[in-house]
1. One residue is enough: does region 30-37 have a residue meeting the conditions part of a loop (DSSP other than H, G, I, E, B) and small (Gly, Ala, Ser)?
2. Suppose we filter region 14-47 for residues that are in contact with a Gly (Cβ under 8 Å, 6 or more places away or on another chain) and among the polar types (S, T, N, Q); how many remain?
3. Mind checking which residues of region 59-103 are among the β-branched types (Val, Ile, Thr) and either without any contact (Cβ under 8 Å) to a residue 24 or more places away in the chain or in a helix (DSSP H, G or I) (or both)?
4. Identify all residues within region 51-82 that are in contact with a helix residue (DSSP H, G or I) (Cβ under 8 Å, 6 or more places away or on another chain) and surrounded by 18 or more Cβ atoms within 10 Å (Cβ to Cβ); write none if there are none.
5. Please count how many residues of region 28-55 are within 21 Å of Lys82 (Cβ to Cβ) and either touching a Cys at 6+ places or on another chain (Cβ under 6 Å) or free of Cβ contacts under 8 Å to residues at least 40 places away in the same chain (or both).
6. When you go through Leu56, Leu7 one by one, which is the residue that is of a type outside the set (Asp, Glu), at pLDDT below 90 and out of contact with any Leu (no Cβ under 9 Å at 6 or more places or on another chain)?
Amino acid sequence: MSLENVLLDVTVTLIDNNVQEKAGQLRYIIRGSDAEIFDTYLFPEYRRKKMMSSLLKKMIPELKLSGISKVKLKYFDEDARKAWEKMGFQHTGKQGHMELHIQ
């Protein structure tokens, strides 16, 4: 069976190892060779600590090994846009849409 015909829905839970509690989550789907992030959340006390950036740095090599060549997302505010840009995402030309090409 080819992954072109399969939709995978993946939820990654971020755990603070210091206190063994949930810090947030990232949810994405995989369609063929694309992944699309559609839900991210960090509890307030974990924001602005580069946790999503660290998670993406760990995820990207795994996605690449799985044959993923592009990660897409939609953002809804300027703070989110700036954060995703810092992680390497670029605008697609469509309002609120960004993507990261995996090399």
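1. Yes: region 30-37 contains one or more residues that are part of a loop (DSSP other than H, G, I, E, B) and small (Gly, Ala, Ser).
2. 2
3. Selection gives Ile60, Thr92.
4. Of everything in region 51-82, those that are in contact with a helix residue (DSSP H, G or I) (Cβ under 8 Å, 6 or more places away or on another chain) and surrounded by 18 or more Cβ atoms within 10 Å (Cβ to Cβ) turn out to be Met52, Val71, Leu73, Tyr75.
5. Looking only at that region, the number is 19.
6. Being of a type outside the set (Asp, Glu), at pLDDT below 90 and out of contact with any Leu (no Cβ under 9 Å at 6 or more places or on another chain) holds for just one of Leu56, Leu7, which is Leu7.
The values are calculated or read from the model by the stated rules, or taken from the named source; none is laboratory data. Just so we're clear, the structure is a prediction, and the values are computed from it rather than from any experiment. Here Cβ is always computed from backbone atoms with ideal geometry, including for glycine, and neighbour counts include all displayed protein chains.
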